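Each remark here refers to the structure printed beneath this line.
The values are calculated or read from the model by the stated rules, or taken from the named source; none is laboratory data. All values reported here derive from a predicted model rather than from experimental measurement. Each accessible area value is taken on the protein alone, full model and side chains, heavy atoms only, with ligands, DNA and RNA left out. Shrake-Rupley method; radii C 1.70, N 1.55, O 1.52, S 1.80 Å.
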Amino acid sequence: MDSSKPSPVAPPKRATVAAPRLTPTFTPKDYSTFFLAGAICCTLTHGATTPIDVVKTRIQVDPNLAKHSLLTGGRKIVAAEGPSALLTGFGPTAVGYLVQGGAKFAGYEFWKKKFVQLAGSQEEAVKYRTAIYLGAASVAE
């Protein structure tokens, strides 16, 4: 018998039972965890870009830095004012993004769950998952 040809007899199909998919039940602790995760992530990422924003803004408004690159402008700011000048505005940035990031992460999970429930069934929620994700992100924003 040639082993390169498929067998004409197919194996019997097994009946599969799909496990019911459930919408998660989030507790206030879960939402506070989502809030904390978003707060930490947004504060760190936006805070880390503060020096870049400081140099960019100075290049835009200071005629003495207008013709310089980001790197050269940063060096001139550090030479004139010290390294701490690159963190100008970090405090308000950190506080603002702590609140905004936390609310966005927790809000996204809250609204995603609500929109899945509004879809009526797991099948409909899967069918419209992209709209659910985008809608939840938009409302959370």
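Cross-link reach is defined here as a Cα-Cα straight distance under 16 Å, omitting same-chain residues fewer than 8 places apart; for residue 114 the aspartates and glutamates meeting it are 30, 123, 124, 141.
At a 1.4 Å probe radius, which order do 126, 99 fall into by accessible area, largest first?
Per-residue accessible area, sorted high to low, gives 99, 126.
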